[in-house]
1. In nm, what is the difference between 0.36 nm times the number of residues separating R141 and S108 and their Cα-Cα distance?
2. Please give the length that would be gained between I44 and N2 if that part of the chain were fully extended, namely 0.36 nm times their separation in residues minus their C-alpha to C-alpha distance (nm, one decimal).
3. Could you compute the net charge surrounding A180? Neighbours are other residues with a C-beta less than 13 Å from the C-beta of A180; K and R count +1, D and E count -1.
4. Given a Förster distance of 25 angstrom, what is the FRET efficiency for N162 paired with N132, based on the Cβ-Cβ distance and rounded to 0.05?
5. Which values of log₁₀ I(q)/I(0), to two decimal places, follow from the Debye formula for the range 88-184 at q = 0.10, 0.11, 0.14, 0.20 Å⁻¹ with a uniform point scatterer at every Cα?
Amino acid sequence: MNKRAKIIISAVGVILLLLFIIFVWPTRYRYDRLQSWPVRIDRITGKTEILYEDGWKNAGSAGEGDKITPEMLEGFGEQQAAPTPQDEELPRSEIFKLAGQSQIIDNSLRCNIYNGSDWMVNEVTVEIIVKNSDGSNVLSRKYRLNRYNYCEPLKSVEFYANVGFTLERGQTWSWQIVGAKGRKDIRGAQPSPTPADSGEIKSILTPGGNQ
């Protein structure tokens, strides 16, 4: 191997070593957290970025040993969307505004729910009661039905659940919505009118049997 080849191999080795040090160990970025915001700092340039739903956003610069402070967000967070609000239990008066129809096919419950409230709903809790032909109770259970996306006000969506049983001949069943979760619709949709709150959660639909 001639001298020129040795120089080239050595140079390539040095470059690969530098790239390994920069990008692999201990990684190019130092990660931190400011309140609920993930933060990363470029070890080379000191550039500081904060992770939002639409990606990393520049928030200034910091040195290797600098502590991330709220001042680094000054004027930055004002341009970004606020953190996603957490889902909450719907008020009792809003649960009255949820209505619909349901079916039990084999052991699957299918509920088509109309959202007459002014909330974005992604979870409903229903209670199912099964009775024999003589009127005796077979079971009474509650099921929590979830969706990955929200049902907007004044729209209908379907919720599904596995009920874990199959209706036998002669049995009847009824259901009612007893709870729901979601978030307030800040767009200001107008809800449909409903009767005044009576203090009880009433059955929205009580079919006499499976349809």
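Just so you know, all these numbers are worked out from the coordinates, no wet-lab data involved. Keep in mind that this is a model prediction, so the values were computed, not measured. In this analysis, Cβ positions are derived from the backbone assuming ideal geometry, glycine residues included, and neighbour counts consider all displayed protein chains.
1. Details: separation 33, 0.36 × 33 = 11.88 nm, distance 1.40 nm.
Taking 0.36 nm per residue and subtracting the Cα distance, the gain is 10.5 nm.
2. Values: separation 42, 0.36 × 42 = 15.12 nm, distance 3.61 nm.
Contour length minus the Cα-Cα distance gives 11.5 nm.
3. Numbers: positive: R92, K97, K142, R144, R147, K181, R183, K184; negative: D87, E88, E89, E94, D118, E123, E127.
Net charge in that neighbourhood comes out at +1.
4. Numbers: r = 22 Å, r/R0 = 0.90.
Rounded to the nearest 0.05, the efficiency is 0.65.
5. Treating every Cα as an identical point scatterer, log10 I(q)/I(0) equals -0.27, -0.33, -0.51, -0.92.
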